[in-house]
Amino acid sequence: MGAIIMLSTTSMLLRLKNSYPQFLFKEDTDFFWSSSDNTIFYDASSKDLPVLILHELSHALLGHNKYDSDIQLISMERQAWEYTIKLAYSFNIKIPDEIIQSNLDSYRSWLYCRSTCPKCQSIGLQVKAKTYHCLACNHSWQVNEARKCNLRRYNQKNN
């Protein structure tokens, strides 16, 4: 397991801003890429700042603007982590696999919770943007966005 070689936050942000002037970098309480305003938001107090800001930059550079299905979001996350590893090399940062797997696990867990039928606890299939259907009991339910808040599942009418 390699250690993260830390650049100072200030020098890293300056290097990112100079290397990627097409993007804005703005301090926030979380890490995320906003394609609508071309901004990479970051939490300056995070111990994983170098890795996570490069991950959000990867989303930006890969053109991750929207996704049509939950499984597509997970695929985009995996792609962004693969690209993050390449970016990290140019910053002399070694990314411990535990950080990547922990982040991917959070999305896997998110998908598992969304796809679990609230009626029979079987795993359902996503049939449209926020709607799932259970093949075991024929129940359908809707979910909220829930990437930054608690997951909610709502029964579909007629079920």
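The values are calculated or read from the model by the stated rules, or taken from the named source; none is laboratory data. From a predicted model like this one, the values you see are computed outputs, not experimental measurements. Here Cβ is always computed from backbone atoms with ideal geometry, including for glycine, and neighbour counts include all displayed protein chains.
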Open item on the list: Restricting to region 83-116, and then to whatever is of a type outside the set (A, V, I, L, M, F, W, C) and touching a Ser or Thr at 6+ places or on another chain (Cβ under 8 Å), can you tell me which residue is farthest from Arg15 (Cα to Cα)?
Closed with: Thr116
Task: Looking only at region 102-159, and only at residues there that are under 27 Å from Phe31 (Cα atoms) and in contact with a Lys or Arg (Cβ under 6 Å, 6 or more places away or on another chain), the one that is modelled with the lowest pLDDT - done: Asn144
Open item on the list: Of the conditions (1) among the aliphatic types (A, V, I, L, M); (2) at pLDDT 95 or above; (3) not assigned by TED's automatic domain parsing to the domain that holds Asp105, Ala3 satisfies every one except a single condition; which number is it?
Closed with: (2)
Open item on the list: Based on this model, can you work out whether Phe41 counts as modelled with pLDDT of 95 or more, aromatic (Phe, Trp, Tyr) and more than 28 Å from Asn144 (Cα to Cα)?
Closed with: no
TODO: Please report, ordered by residue number, the helices (runs of 4 or more DSSP H) entirely within region 3-99 with at least 3 residues that are β-branched (Val, Ile, Thr) and either surrounded by fewer than 18 Cβ atoms within 10 Å (Cβ to Cβ) or out of contact with any Leu (no Cβ under 8 Å at 6 or more places or on another chain) (or both).
DONE: 70-90
